[in-house]
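Asks: Starting off with a structure, shown below.
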Amino acid sequence: MTSVIETRYFPIDPLAPDPGAIEECGRIIREGGLVAFPTETVYGLGANALEEGACRRIFQAKGRPQDNPLIIHVASPDDLEVLTTDLPPQAAKCIQAFWPGPLTLVLPKAPRVPAVVSAGLNTVALRMPDHPAALALIRAAGVPVAAPSANLSGRPSPTLGSHVMEDLAGRVEAVLDAGPCRVGVESTVLDLTEALPVILRPGGITREELTGVLGQVAVDPGLQDESLAPRSPGVKYRHYAPKGKLVPVSGPEEKVQARILREIRRGREQGLRVAVLCSAESAPVYAGSGAEYVEILGSKREPWTVAATLYRALRECDQRNIELILAETFARSGMGAAVMNRLEKAAGHHVILLT
Ligand code: AMP
Ligand code: MG
């Protein structure tokens with residue numbers, strides 16, 4: 001058990017973060033402390049990436065398994081030199097096209113990076129976030145910042161400052177709150193250590209966008225096939241999960257709606273508190289269904305709106321003590337790939353598939 005720390009809370013303007021708050025939080029990181037901060041994907045829990053002790057504290061504060069490596073955040077591509085031994089041409093192309101942005105590059109690890117950051121791997125995950133407060137914080141710290149998502153391990157990632165406070169108040173030195181995160185799901189993790197780039201985790205940059213810049217891009221088969229070990233260690237954990245049982249229902253629209261309505265009735269007969277997470281298009285179907293809580297995740301035609309809402313909706317279910325969550329599913333193209341990956345993982349891969 002970690003001892004209780006007084007957590008300083010700094011509400012800031014996302015576009016023009018208060019320089020005093022940023023300076024203070026930069027100092028905390030430089031001196032070995034932990035600061036949760038906003039990024040365009042989700043909130044991160046940052047520490048000095050070059051200090052082993054500081055990075056160990058991230059694992060303690062989150063209750064994170066030791067074999068799950070951290071992403072190092074930089075404020076400029078110029079900061080990569082101490083972190084990796086090789087920047088292949090494909091990395092340069094990705095940096096040019098997508099940084100700052102929700103793309104993490106896996107590259108060979110430089111000796112200066114403590115083993116705890118990469119969980120003992122000889123590779124390291126690197127990203128430049130697209131958020132003024134994150135970039136200002138990294139610059140103020142004057143060191144690269146190792147940061148996983150700022151949630152307790154196993155809980156949905158935080159997309160609001162209040163989510164971070166729920167999970168980490170008393171466990172970290174400071175929280176910078178700049179309101180909602182724009183993307184809402186984590187970065188895409190792309191392995192560039194071999195000739196063919198491989199997506200290890202779908203996220204804020206889509207496979208289609210990567211293909212447009214790199215040509216052929218593979219997807220780690222371990223992401224879909226449970227019998228294979230995924231190549232990104234963190235991907236194997238059941239996380240992003242709410243407390244209630246989450247059941248995604250997939251198939252033709254009308255069948256999905258009918259099945260969800262039936263499951264709502266069954267759940268209510270068992271005395272359960274039931275929620276529905278649905279598309280804007282089918283929301284009217286669930287009016288008067290008896291569900292305790294109906295959340296419109298977004299439009300089927302705009303999967304990025306679904307991504308931006310998903311984690312907040314899962315946490316809202318926890319707040320309302322929902323015991324059964326029925327979720328519609330979304331097409332796997334574009335941002336839909338990341339949405340479906342998170343939804344399936346949050347559900348422990350148990351999906352009702354209708355044909
Ligand atoms: P989080 O930021 O909490 O979503 O966690 C970081 C993610 O990056 C995890 O899924 C890790 O498995 C992944 N990651 C970090 N470093 C590496 C690496 N060297 N190779 C593959 N995946 C990595
Ligand atoms: Mg995480």
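The values are calculated or read from the model by the stated rules, or taken from the named source; none is laboratory data. Source: prediction; values computed, not measured. When we count neighbours, we look across all protein chains shown, and the Cβ atoms used for this are built from the backbone with ideal geometry, even at glycine. Note: areas computed on protein heavy atoms with side chains; ligands, DNA, RNA excluded. Shrake-Rupley method; radii C 1.70, N 1.55, O 1.52, S 1.80 Å.
Asks: Since G170 meets every condition but one in (1) in a loop (DSSP other than H, G, I, E, B); (2) open to solvent by less than 20 Å² (accessible area, probe 1.4 Å); (3) within 16 Å of ligand 1 (Cβ to nearest atom), which condition does it not meet?
Replies: Single failed check for G170: (3).
Asks: List every residue pair whose Cβ atoms sit under 7 Å apart, with the two residues 6 or more apart in sequence or on different chains, where the first one lies in segment 297-312 and is β-branched (V, I, T) and the second, anywhere, is in a loop (DSSP other than H, G, I, E, B).
Replies: T305/S299; V306/F330; T309/G184
Asks: Given the criteria closer than 23 Å to A337 by Cβ and either open to solvent by less than 10 Å² (accessible area, probe 1.4 Å) or among the small types (G, A, S) (or both), does T159 qualify?
Replies: Spelling it out, T159 is indeed closer than 23 Å to A337 by Cβ and either open to solvent by less than 10 Å² (accessible area, probe 1.4 Å) or among the small types (G, A, S) (or both).
Asks: Given the structure, is S232 within 16 Å of ligand 2 (Cβ to nearest atom) and either closer than 20 Å to L200 by Cα or surrounded by fewer than 19 Cβ atoms within 10 Å (Cβ to Cβ) (or both)?
Replies: yes
Asks: Which condition breaks for K255 when tested against (1) buried (at least 19 other Cβ atoms within 10 Å of the Cβ); (2) in a helix (DSSP H, G or I)?
Replies: It is condition (1) that K255 fails.
Asks: Between a first residue in segment 39-61 that is β-branched (V, I, T) and a second residue that is part of a helix (DSSP H, G or I) and modelled with pLDDT of 95 or more, which pairs have beta carbons less than 6 Å apart while being 6 or more apart in sequence or on different chains?
Replies: T39/A134
Asks: While we're on this one: Name the residues in segment 211-258 that are more than 16 Å from ligand 1 (Cβ to nearest atom) and under 19 Å from L103 (Cα atoms), would you?
Replies: Within segment 211-258, T211, G212, V213, L214, G215, Q216 meet the criteria.
Asks: Restricting attention to segment 129-156, which residues are among the small types (G, A, S), within 16 Å of ligand 1 (Cβ to nearest atom) and either part of a loop (DSSP other than H, G, I, E, B) or open to solvent by less than 10 Å² (accessible area, probe 1.4 Å) (or both)?
Replies: A134, A146, A147, A150, S153, G154
Asks: Kindly indicate whether any position in segment 198-210 is open to solvent by less than 10 Å² (accessible area, probe 1.4 Å), in contact (Cβ under 8 Å) with a residue 60 or more places away in the chain and polar (S, T, N, Q).
Replies: No.
Asks: Scan segment 270-293 and report the pairs whose first residue is open to solvent by 30 Å² or more (accessible area, probe 1.4 Å) and whose second residue is small (G, A, S), with Cβ atoms within less than 8 Å and a gap of 6+ or a chain change.
Replies: R273/G244; A280/G298; A280/S299; E281/S299; E292/A275
Asks: Hey, another quick one. Could you run through segment 106-128 and say how many residues are in contact with a Pro (Cβ under 9 Å, 6 or more places away or on another chain) and either charged (D, E, K, R) or within 11 Å of ligand 1 (Cβ to nearest atom) (or both)?
Replies: Matching residues across segment 106-128 total 13.
Asks: Assess whether D86 counts as being over 12 Å from A134 (Cβ atoms), surrounded by fewer than 20 Cβ atoms within 10 Å (Cβ to Cβ) and either touching a residue at least 60 places away in the same chain (Cβ under 8 Å) or among the β-branched types (V, I, T) (or both).
Replies: No, not satisfied.
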